[in-house]
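Below you will find the structure I want to go over with you.
Nothing in this text is a laboratory measurement; each read-out follows from the coordinates by a stated rule. Since we're looking at a predicted model, the values are computed, not measured. Please note: Cβ atoms are built from the backbone with ideal geometry, for glycine as well, and neighbour counts cover all protein chains shown.
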Amino acid sequence: MRLDHHLHRIGNDIVAAYLVVTSDGVTVVDAGLPGHWRELLAELAGLGRSPADIRGVVLTHGDSDHLGFAERLRREHGVAVHVHAADAARARGEGKPHTGWGHAKVGATARFLWYASRKGGLRTRYLTAVSEVADGDVLDLPGAPRIIALPGHSPGSVAVHVPGANAVFVGDALTTRHVLTGRRGPQPAPFTDDAAQALASLDVLAGLEAKWVLPGHGAPWDGGVREAVRRVREAAAQASRG
């Protein structure tokens, strides 16, 4: 689905991945679930492109619902997969702390689990090789994505800023659809290792100029970064008051 010039999404509001498309090729940001492979191929074909045009995958963090087809692209097409050094082990399947589920509603949780299982979420293909990145790196990929460290959801969570697409990809640093409650709008994401750190990390985004804030779960947000961060903080404050 085309969102804007240079900017496409595959998946949906439950789990999403993104493409940055330029004349130099394609950068994939996050890789959703394994079953999104067909949607990736269809989106590329609609653009007159193929996996051969993908220059790299950038992961916002190493959780399984963001790894999706990344290892398949790496093995079958030689595409490098970039992940922050602090999440490299997680992306290789070497463990994730148990964070608990927190507040959940039966209907929303069932929809998330059904969708994830239908898209191959029970057969995660962890990465066997990664290219490690660090805060401040500007990658030599289409769109010149810049890595912004946002630890909290995981130690190596990052935002990926692509000025040419007027977008920042935030993974699970925030969400616009809570997959366990169905609540919509910018808010803290579930399954977060350190909620306080995740909230504090958003400080580095507050002054960023970008129209699009693109989470791994939820609708694309086109109201700017500052307003998205404000609403996340507001939602967190409301939750803390019960």
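Pairs of Cα atoms under 8 Å, at least six residues apart: use those to get the relative contact order of region 161-237, whole percent.
35
Given a Förster distance of 45 Å, report the FRET efficiency between Met1 and Ala237 from their Cβ-Cβ distance, rounded to the nearest 0.05.
On the way: r = 33 Å, r/R0 = 0.73.
Rounded to the nearest 0.05, the efficiency is 0.85.
Which chymotrypsin sites (Phe, Trp or Tyr not before Pro) from region 111-171 combine a DSSP loop assignment with at most 13 other Cβ atoms within 10 Å?
Listed in order of number, the matching sites amount to none.
May I pose another question? List the GluC sites (Glu not before Pro) in region 51-104 that DSSP assigns to loop (not H, G, I, E or B) and whose Cβ has at most 14 other Cβ atoms within 10 Å. Which are they?
Glu94
Write down the Å³ per residue value for the convex hull defined by the alpha carbon atoms of region 192-240.
Dividing the Cα hull volume of region 192-240 by its residues yields 84 Å³.
What's the Cα-based Rg to Rh of region 2-240, Rh via Kirkwood?
Ratio value, two decimals: 0.93.
Go through region 156-238 and name the GluC sites (Glu not before Pro) that are in a DSSP coil and have 11 or fewer other Cβ atoms within 10 Å of their Cβ.
Within region 156-238, the qualifying GluC sites (Glu not before Pro) (loop, at most 11 other Cβ atoms within 10 Å) are Glu209.
Now, a different point. Counting Lys and Arg as +1 and Asp and Glu as -1, what is the net charge of the other residues whose Cβ lies under 10 Å from the Cβ of His82?
With Lys, Arg at +1 and Asp, Glu at -1, the neighbours total -2.
Next question. Would you work out the charge dipole size for the chain about its Cα centre, treating the Cβ of every Lys and Arg as +1 and the Cβ of every Asp and Glu as -1, and quote it to the nearest 20 debye? Don't skip to the end; give the middle numbers.
Details: 27 positive and 25 negative charges, 179 e Å.
For the chain, the charge dipole is close to 860 debye.
Restricting attention to the alpha-carbon atoms of region 51-91, what are Rg (one decimal) and Dmax (integer), both in Å?
9.9, 29
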